[in-house]
Each structure stands twice: as C-alpha cells, then as structure tokens.
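A short write-up of the structure that comes next.
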C-alpha cells in the first residue's frame, strides 16, 4: 500500500491534482485500487468527491461555534483535534483496503507540516505494510522569479526536514499556465543552484536581491534537494512523470521491506 500526502501553499493545486491523479490511475491501470482522503476540515467546495473525508468527523464551522473562535484559530484547533479520529480514518481505510491512498492536506500547509499533529498523523496512518511519500507543490505562477522560487524551496526543504523519514517529490504544478522556456528555467534552478544565484543577481534588486543571494548560497553549500517534476492536470501526458515517480517509490520501499 502506498500513501502519498499532497502538501503545498494555498492555491497551488493540491485538491485538483489529488482528484485528477486518482482518475488518471483508475483509467491507466484498473488493477490499482486507489482512494482519496481529505484532511482539510475547512474546505467547502472540492473539485472531486473524497472517498474518506475528515469533515465527517470535524467541521470548521462547528469548531468555530463551539469554542468561539475565528476561522484561523478554529483551523488550528481542528487540525489538532484530528488526532482523536485517527482510528476512525484507519478503520475506513481498512474497509477499502486500497493499493494507493492520495491524501489532500489543508491549504494552510503550516497546519499539517509545522505543527506536531502533521508528523503524528503521518506516523499513525503508517500501517506496517504501507509505503509513504510526500508530494510538495511549487505553484508555477509564484516561482517565476528567483525570490519566489527560493521562498518556496525553503518551504519544501522545511517539509522535507519535518518528514525526513518519508521520501519527498517536488512538483512544479500548473505548468500549462507558463511557457516551455519558463518551465525549463525553473527546472534548471532546481538542479543548478549556481544558475539560480546568477538569475538572482541579474533579476532582483535591493534587499530582496541581497537576501536571495544569501539563501542561494545556502542551497549551494547544502547541495541539491529533490528535483522538480513539471506537472499539469490539463495536459494529456501531464501526470505520467508523477505516476512513474510514485511507482518507483512504492517499488523501492517495498523491496526494502522484503
């Protein structure tokens, strides 16, 4: 069994990718049983219907009313309250007994990635026979400039540090909104931090330039993080690479556990 968590900033395309990837897998390989799990208690409209939904146990509006909180405070508390329903989620997963589970996390990535409940949930849902992975989304529109790319890279590196025992895939989402040269530029930044530093020096100004240069140098010293996979749900072959990477993680982790 493979359990993949989609993590990223609000609007980066997590929910859309979750639903579209399930449809892609079902159509490509009917032998793989795949389900979706929504872990966002505050979402109102979704582009797909989750097979398992945390909203069956926690609703943001009910938390706001019960505890007299605003939306932000209620989201934090709701995220913490999820741990009370882990056994229920595991029971639902057992009923499906799927090969793959695609987990859609909250739009505010800090709720899952940086609070204690995120790693706790990831660990608790890790059955003995399960392989886990994290897919971190880089919003293509946000990372066109070096400072936007570096900011997102820092978030991705932080998530990788928090979930260090789980393989991470970095995804450049919504690439249908930018052109091929821009895609190539961003992918090159992820593979060659010297090129990122050169672009930073040429395109940024003032304090942003100085800070971006310093951060670029940090990544040069640390070495490369996971490469970025361009992905679009609107292109015919947009999900091929992601599906292939997830399969490799599943196969590699499975061989390790044998």
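The values are calculated or read from the model by the stated rules, or taken from the named source; none is laboratory data. Note that the structure is a prediction, hence the values are computed from the model and not measured. With ideal geometry, Cβ positions are generated from the backbone for all residues, glycine too; neighbour counts draw on all protein chains shown.
Taking the conditions exactly as written (on the phi < 0 side of the Ramachandran plot and at pLDDT 85 or above), does residue 247 satisfy them or not? For residue 247, the condition - on the phi < 0 side of the Ramachandran plot and at pLDDT 85 or above - is met. Of the helices (runs of 4 or more DSSP H) lying entirely inside segment 53-155, those carrying at least 1 residues that are at pLDDT below 90 are 71-81, 109-113, 117-124.
Which ones in segment 218-227 are at pLDDT below 65 and part of a helix (DSSP H, G or I)? Spell out the reasoning first.
Restricting attention to segment 218-227, the residues satisfying the condition of being at pLDDT below 65 are 220-226.
The answer is 220, 221, 222.
Taking first residues from segment 61-73 that are closer than 14 Å to residue 108 by Cβ and partners that are in a helix (DSSP H, G or I), the Cβ contacts under 8 Å between residues at least 6 apart in sequence or on separate chains come to 70/64; 71/60; 71/64; 73/67.
The rows are residues; the columns are (1) within 15 Å of residue 142 (Cα to Cα); (2) part of a helix (DSSP H, G or I); (3) at pLDDT 75 or above; (4) touching a helix residue (DSSP H, G or I) at 6+ places or on another chain (Cβ under 8 Å).
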{"site": "181", "(1), (2), (3), (4)": "no, yes, yes, no"}
{"site": "186", "(1), (2), (3), (4)": "yes, yes, yes, yes"}
{"site": "197", "(1), (2), (3), (4)": "no, yes, yes, yes"}
{"site": "202", "(1), (2), (3), (4)": "no, yes, yes, no"}
{"site": "216", "(1), (2), (3), (4)": "no, yes, no, yes"}
{"site": "229", "(1), (2), (3), (4)": "no, no, yes, yes"}
{"site": "233", "(1), (2), (3), (4)": "no, no, yes, yes"}
{"site": "236", "(1), (2), (3), (4)": "no, no, no, no"}
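Every condition in (1) out of contact with any strand residue (DSSP E or B) (no Cβ under 9 Å at 6 or more places or on another chain); (2) in a helix (DSSP H, G or I); (3) touching a residue at least 12 places away in the same chain (Cβ under 8 Å) holds for residue 19 except the one numbered (1). Taking the numbered list (1) closer than 29 Å to residue 116 by Cα; (2) surrounded by 21 or more Cβ atoms within 10 Å (Cβ to Cβ); (3) in contact (Cβ under 8 Å) with a residue 60 or more places away in the chain in turn, residue 149 passes all entries but (3).
Those residues that are touching a helix residue (DSSP H, G or I) at 6+ places or on another chain (Cβ under 7 Å) and within 15 Å of residue 229 (Cβ to Cβ), I need them from segment 164-179; list them, please.
Residues of segment 164-179 touching a helix residue (DSSP H, G or I) at 6+ places or on another chain (Cβ under 7 Å): 166-173, 175.
Residues satisfying the conditions are 167, 168, 169, 170, 171, 172, 173, 175.
Test residue 172 against the stated conditions and say whether it is without any contact (Cβ under 8 Å) to a residue 60 or more places away in the chain, more than 13 Å from the chain's Cα centre (by Cα) and under 14 Å from residue 189 (Cα atoms).
It is false that residue 172 is without any contact (Cβ under 8 Å) to a residue 60 or more places away in the chain, more than 13 Å from the chain's Cα centre (by Cα) and under 14 Å from residue 189 (Cα atoms).
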